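Peer 1: Let me give you the structure first, and then I'll get to my questions.
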Amino acid sequence: MLVVTGVGLCIFVFATGYMHGDPGFYRFFAYMGLFMFSDACPRDGLEFPADVVGWEGVGCVLNLLIGYYFSRQEARMLHVRLLLQTGLAILICARDFRCHCHLRHQPVHQRI
């Protein structure tokens, strides 16, 4: 947890200088704050739903950060690609969650 927050602090310090004077300075740091919170959820959560919420939050905020410069063609293309990858990850996660719930209700001798 200290590594995640320490690296996040370094990114915040660097981004403060890099984004100085940008018209969307406050919007960018709102996205960064959401990203740090979402990135810390899977490391802090002890249950599978906390992991899912955290990783989906990371995916959503990454979409916002990549689409930050929505006027650029490259950013729009990366944004669409990330949306497709996130959708695929949601499907895989839902499948794993369904398998996890199914296995939890089986007797031990049937799990092997």
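Okay, residues lined up against (1) modelled with pLDDT under 85; (2) within 18 Å of Leu62 (Cβ to Cβ); (3) not in a helix (DSSP H, G or I):
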{"site": "Val3", "(1), (2), (3)": "yes, no, no"}
{"site": "Gly6", "(1), (2), (3)": "no, no, no"}
{"site": "Ile11", "(1), (2), (3)": "no, yes, no"}
{"site": "Ala15", "(1), (2), (3)": "no, yes, no"}
{"site": "Phe29", "(1), (2), (3)": "no, yes, no"}
{"site": "Met32", "(1), (2), (3)": "no, yes, no"}
{"site": "Met36", "(1), (2), (3)": "no, yes, no"}
{"site": "Cys41", "(1), (2), (3)": "yes, yes, no"}
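Peer 1: What number of residues within region 47-84 are assigned to a helix (DSSP H, G or I) and without any contact (Cβ under 8 Å) to a residue 12 or more places away in the chain? Explain how you work it out, then say what you get.
Peer 2: So the first thing to find is which residues in region 47-84 are assigned to a helix (DSSP H, G or I), and the list is 48-69, 73-84.
Within this subset, residues satisfying the condition of being without any contact (Cβ under 8 Å) to a residue 12 or more places away in the chain are 49-51, 69, 73-77, 80-81, 84.
Number satisfying all stated conditions: 12.
Peer 1: Would you check which residues across region 36-85 are of a type in the set (Ser, Thr, Tyr) and either touching a Pro at 6+ places or on another chain (Cβ under 9 Å) or farther than 26 Å from Leu9 by Cβ (or both) and list them? Steps first, answer last, please.
Peer 2: Step one: list which residues in region 36-85 are of a type in the set (Ser, Thr, Tyr), which gives 38, 68-69, 71.
Listed by number, the list holds a single entry, Ser71.
Peer 1: Please find, within region 14-36, the residue that is surrounded by the fewest Cβ atoms within 10 Å (Cβ to Cβ) out of those that are closer than 24 Å to Leu88 by Cβ and touching a Gly at 6+ places or on another chain (Cβ under 9 Å).
Peer 2: Leu34
The values are calculated or read from the model by the stated rules, or taken from the named source; none is laboratory data. What you see is a predicted model, and the numbers here were worked out from it, not measured in a lab. Glycine gets a Cβ as well: all are built from the backbone with ideal geometry, and neighbour counts include every protein chain shown.
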